[in-house]
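This is the structure I want to talk about, given as structure tokens.
The values are calculated or read from the model by the stated rules, or taken from the named source; none is laboratory data. Note that the structure is predicted; figures quoted are calculated from it, not measured. In this analysis, Cβ positions are derived from the backbone assuming ideal geometry, glycine residues included, and neighbour counts consider all displayed protein chains.
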Amino acid sequence: MSDPQEGECLVCYVGRMLDDHGCDGTLRWTHHFREIRSPTATGLEKRFPQPCDCGVLASRRLVRELMVRDVHTDELEAPTRLPTCSGVRRTSTHPCANWERPRGAGPRPTRAHGPRPAGGDR
Ligand SMILES: [Zn+2]
Ligand SMILES: [Zn+2]
């Protein structure tokens, strides 16, 4: 098992793990990240559209500045290697500044129901 690096965010971590290990159809990397970094973040998986690690990446996309333009199709594409994580607070399960919500995809996220995880100050 590879652990998240200091300050690395969930999305960058899962992206890195999927690059190296692929998805096995579960949230194994998401769960591993949570165990290590934010064990109290129990509704984490509810945030993602698919019940596997791909859903974590599918729920976000790289900001434009980090995309590369395909010279043939003139479309922006994700780079083959993920850029270095911009970093988040130690216990945060939120994506870093490299990621944005895809525009117009899915319903607007609602505020999480239920108790806030302990230690969250935002
Ligand atoms: Zn998957
Ligand atoms: Zn990141």
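Could you check how many residues of the stretch 53-85 are touching a Pro at 6+ places or on another chain (Cβ under 7 Å), under 18 Å from His21 (Cα atoms) and at pLDDT 95 or above?
Qualifying residue count for the region: 0.
Just checking, how many residues over the stretch 56-77 are within 11 Å of ligand 1 (Cβ to nearest atom) and either in contact (Cβ under 8 Å) with a residue 24 or more places away in the chain or in a strand (DSSP E or B) (or both)?
Residues flagged as within 11 Å of ligand 1 (Cβ to nearest atom) and either in contact (Cβ under 8 Å) with a residue 24 or more places away in the chain or in a strand (DSSP E or B) (or both) within the stretch 56-77 amount to 2.
Out of Thr30, Thr26, which single residue is farther than 14 Å from His94 by Cα and either out of contact with any Pro (no Cβ under 8 Å at 6 or more places or on another chain) or within 12 Å of ligand 1 (Cβ to nearest atom) (or both)?
Thr26
Quick test for you: out of Val14, Val88, pick the one residue that is within 15 Å of ligand 1 (Cβ to nearest atom) and modelled with pLDDT of 95 or more.
Sole residue among the options that is within 15 Å of ligand 1 (Cβ to nearest atom) and modelled with pLDDT of 95 or more: Val14.
Still on this structure: Which residue out of Thr80, Thr42 is without any contact (Cβ under 8 Å) to a residue 24 or more places away in the chain, in a loop (DSSP other than H, G, I, E, B) and surrounded by fewer than 15 Cβ atoms within 10 Å (Cβ to Cβ)?
Exactly one residue qualifies, and that residue is Thr80.
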